[in-house]
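The values are calculated or read from the model by the stated rules, or taken from the named source; none is laboratory data. Everything numeric in this text was worked out from a predicted model, so none of it was measured. For neighbour counting, all protein chains shown are included, and Cβ atoms are generated from backbone atoms with ideal geometry for every residue, glycine included. Surface accessibility is based on the protein's heavy atoms, side chains included, excluding ligands, DNA and RNA. Shrake-Rupley method; radii C 1.70, N 1.55, O 1.52, S 1.80 Å.
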Amino acid sequence: MKVIAIAGSNRKGSSSTGLAKYIVAALRRQGVQADLFDLHQDPLPFFSPDQLHDDHEGLHRLKRMTAAADGIVLASPEYHGSISGVLKNALDHLSQDYFNGKPVLSVTSSGGPVGVSSLTQMQAIVRNLHGVNCPEWISISGEQSMLFAREAAAYMPEHPALDRVHGALHCFLDMLHRLRGQLNAESSDERRFVR
């Protein structure tokens, strides 16, 4: 089972990227092949319908990783009640082919109150891309952000925010198993029908 986490911040030391790294590490501990695409380290060209950017290595890698994934995690800071411009740009480069029928977990980090506006917008984009929104989501703010300032492998103290993170991951993994099993069953039915 494969998951891609797309970290949608272009700031070094971003708490939303730290949270995405923590999620990738937690998924790997569950036996999931999880990888991170960090938009700070691998910036993408501005999307334009007139220019496909087929020669851009980072964009080609993002498309390849997303196409191969069984599930997707989208992580963004909340800027002015919305997702980051770099994450929106990355999603503009991807079509329904990359999201269709795949479970998607939305994750946000906000300097102020819980980032409900950015979560709502991410979930609307996922619906338009024909992904399947996880009914649970993760939003951190204020002091919770400091939990994810360290590297993912570093010691993580006990904190109520981590219960929320692991609860949402449990829901996401359950969806992933169910939808993947359903897709495998449909593929088997199609093969039987062809015979």
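Okay, here's what the table says:
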item: Evaluation of residue 11 against (1) open to solvent by 30 Å² or more (accessible area, probe 1.4 Å); (2) closer than 22 Å to residue 99 by Cβ; (3) touching a strand residue (DSSP E or B) at 6+ places or on another chain (Cβ under 8 Å) (one fails), failing number; result: (2)
item: Residue list for region 150-160, restricted to those being within 20 Å of residue 3 (Cβ to Cβ) and either open to solvent by 40 Å² or more (accessible area, probe 1.4 Å) or modelled with pLDDT of 75 or more (or both); result: 151, 153
item: Among (1) open to solvent by 90 Å² or more (accessible area, probe 1.4 Å); (2) part of a helix (DSSP H, G or I); (3) at pLDDT 80 or above; (4) under 27 Å from residue 67 (Cβ atoms), the one test that residue 163 misses; result: (4)
item: Pair list, Cβ under 9 Å, 6 or more apart: region 73-86 residue at positive phi, other residue of a type in the set (S, T, N, Q) and surrounded by fewer than 23 Cβ atoms within 10 Å (Cβ to Cβ); result: 80/117; 81/117; 81/121
item: Residues located in region 8-27, provided they are in contact (Cβ under 8 Å) with a residue 40 or more places away in the chain, out of contact with any Leu (no Cβ under 9 Å at 6 or more places or on another chain) and outside any helix (DSSP H, G or I); result: 11, 13, 14
item: Residue list for region 89-117, filter: touching a residue at least 60 places away in the same chain (Cβ under 8 Å) and either among the aromatic types (Phe, Trp, Tyr) or under 20 Å from residue 13 (Cα atoms) (or both); result: 90, 107, 108, 109
item: Verdict on residue 40 being outside any helix (DSSP H, G or I), modelled with pLDDT of 95 or more, open to solvent by 50 Å² or more (accessible area, probe 1.4 Å) and more than 22 Å from residue 164 (Cα to Cα); result: yes
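A quick yes/no check of all residues on (1) of a type in the set (Asp, Glu); (2) farther than 25 Å from residue 147 by Cα; (3) open to solvent by 50 Å² or more (accessible area, probe 1.4 Å); (4) out of contact with any Ser or Thr (no Cβ under 6 Å at 6 or more places or on another chain):
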position: 56; (1), (2), (3), (4): no, yes, yes, yes
position: 66; (1), (2), (3), (4): no, yes, no, yes
position: 70; (1), (2), (3), (4): yes, yes, no, yes
position: 73; (1), (2), (3), (4): no, no, no, yes
position: 83; (1), (2), (3), (4): no, no, no, no
position: 86; (1), (2), (3), (4): no, no, no, yes
position: 93; (1), (2), (3), (4): no, yes, no, yes
